[in-house]
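Here is the structure we will look at.
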Amino acid sequence: MVVRPVSFAEFLYATKEDIAAEQLELVPMNDFAFDRLLLLFNQYALIGGMPEIVSEYATNKDITALARIYDALLISYLDDVEKYATGNAEIQQIRHVIKAAFIEAGKRIKFEGFGGSNYKSREMGEAFRTLEKALIMHLVYPNTGASLPLLPDKKKSPKLQVLDTGLLNYSAGLQLDILGTKDLNNVHKGLIIEHLVGQELLATDFSSLHTLQFWVREKNTSDAEVDFIVRYNGKLIPIEVKSGATGKLKSLHMYMDMAPHKMAIRFCAAKLNITKIITPVGTEYFLLTLPYFLVCKINEYLPWFEKEVEEM
């Protein structure tokens, strides 16, 4: 079993928000709990899920006091490199990846010259694979199909997922941006909330084999990308993380034109609802909109959603 950073549900219990946690457990949730849960989720997005950070915040509720712990955690990762590396050159390469990764997280990356370096693709690739074994970060490769089996294409550029979004916010200097927003999709071009959704999806499974998946279609005429895909009951369910109208879900429409089912999910700063969608080529599917804070409950909402679709 792999111990992940604290999930949002665990964060609520740790910070003594027991009433909010009880509302989170209801499927479907009550509308009146939306505002409070969204506010608490924004706090969680800012702080992250590292246990020592959550413990300090739960005790003192002082965000400014967390800086020394973030610094200590980051320094400890840099100091621990000698445990993984076999020589001085590899030590420097791994340390470079750690420093740059918290700036580049959430993006699709290339190994060659990663983080503005002169390192070659092979050197950076080995450094990333070492850090993946230590569970400090994940390389998430895209799939190109809309049905099982999952076949990640390792010839394509991966997305970079680091250990914790709170560490990412601190390293990238984004904490003030999060404090002042009502919709996390407006922070850092939507990369922070997408990264946090990935972190929450990882936290739903403690298997060391559990990884994130996303979908791409890359052609000369047009590109498309769906943020995540998850396995459920023999299906690959697409997940988009964004705000805006359903008409802007162009990539999702393309995916559902290929998919052998009618279920899709969108996470955003809106209340729960199910919408019937028809793509430009006439494919009909159902879009379950869930507020960001319900990512950690996706395993409970998928069977509920499937049942609702069957009855429509």
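FYI, it's all coordinate maths here, none of it is from the lab. Small disclaimer: the values here were computed from a predicted structure and weren't measured. Counting neighbours? That spans all protein chains shown, and the Cβs are built from the backbone with ideal geometry, glycine included.
Any idea what the dipole of the chain comes to, in debye rounded to 20, about its Cα centre with Lys/Arg Cβ at +1 and Asp/Glu Cβ at -1?
Details: 34 positive and 39 negative charges, 208 e Å.
Here the size comes out at about 1000 debye.
In whole Å, how far is the Cα centre of the stretch 1-21 from that of the stretch 50-80?
Computed from Cα coordinates, the inter-centre distance equals 17 Å.
Quick one: Cα centre-to-centre distance for the stretch 98-121 and the stretch 255-292, in angstrom?
One Cα centre to the other: 33 Å.
Tell me which residues come under 5 Å, amide H to amide H, from Lys107 once H is placed; ignore anything under 5 positions away on its chain.
Leu160
Pick out, from Gly87, Leu168, Thr283, the residue whose Cα sits farthest towards the positive end of the charge dipole of the chain, with +1 on the Cβ of Lys and Arg and -1 on the Cβ of Asp and Glu.
So the residue furthest toward the plus end is Thr283.
Would you compute the Debye intensity of the stretch 119-201 from its alpha-carbon atoms alone, equal scatterers and no solvent, and pass along log10 I(q)/I(0) at q = 0.18, 0.24 Å⁻¹ to two decimals?
Here the Debye-derived log intensity ratios amount to -0.92, -1.19.
Compute a Gaussian network model of the chain, connecting alpha carbons closer than 10 Å, and tell me which residue from Asp62, Asp18, Asp227 fluctuates the most.
Asp62
Work out, step by step, the length gained on full extension between Leu272 and Asn88: first 0.36 nm times the residue separation, then minus their alpha carbon distance; give nm to one decimal.
Details: separation 184, 0.36 × 184 = 66.24 nm, distance 5.23 nm.
Result for the pair: 61.0 nm of gain on full extension.
Can you tell me the equivalent ellipsoid semi-axes for the chain? Use √(5λ) from the Cα gyration tensor, largest first, whole Å.
Numbers: eigenvalues 198, 136, 52 Å².
Three semi-axes, in Å: 31, 26, 16.
Along the charge dipole of the chain, Cβ charges K/R +1 and D/E -1, which of Phe214, Leu39, Thr204 sits furthest on the positive end?
Sorting the options by dipole projection puts first Phe214.
Identify which of Lys235, Lys110, Lys155 has the largest mean-square fluctuation in a Gaussian network model of the chain, with springs joining Cα atoms closer than 10 Å.
Lys155
Would you mind getting me the FRET efficiency between Lys155 and Glu132? Use the beta-carbon distance for r and R0 = 25 Å, nearest 0.05. Show your work: numbers first, answer last.
Working: r = 18 Å, r/R0 = 0.71.
So, using R0 = 25 Å, E works out to roughly 0.90.
Expected output is a single nm value to one decimal: the length gained when fully extending between Ser147 and Lys110, i.e. 0.36 nm times separation in residues minus the C-alpha distance. What is it? The partial results should precede the final answer.
Numbers: separation 37, 0.36 × 37 = 13.32 nm, distance 2.69 nm.
Using 0.36 nm per residue and subtracting the Cα-Cα distance, I get 10.6 nm.
At a 10 Å Cβ-Cβ cut-off, how would you order Trp215, Trp304, fewest neighbours first? Walk me through the numbers on the way to the answer.
Numbers: Trp215 24, Trp304 13.
The order, fewest Cβ neighbours first, is Trp304, Trp215.
Taking the Cα centre as origin and putting +1 on Lys and Arg beta-carbons and -1 on Asp and Glu beta-carbons, what dipole magnitude results for the stretch 172-309, to the nearest 20 debye?
Values: 15 positive and 15 negative charges, 61 e Å.
Dipole of the stretch 172-309, to the nearest 20 debye: 300 debye.
Non-local amide H neighbours of Cys268 (under 5 Å, H modeled in plane, Pro and chain starts lacking H): which ones?
Those lying under 5 Å, H to H, from Cys268 are Leu290, Tyr292.
So if each residue of separation counts as 0.36 nm, and I subtract the Cα-Cα distance between Lys61 and Asp183, what length gain in nm does that give?
Additional length available on full extension: 41.7 nm.
Within the P(r) computed for the stretch 250-310, what percentage of the Cα pairs occupies the region above 15 Å? The partial results should precede the final answer.
Numbers: 900 of 1830 pairs.
Within the stretch 250-310, distances greater than 15 Å cover 49 percent of Cα pairs.
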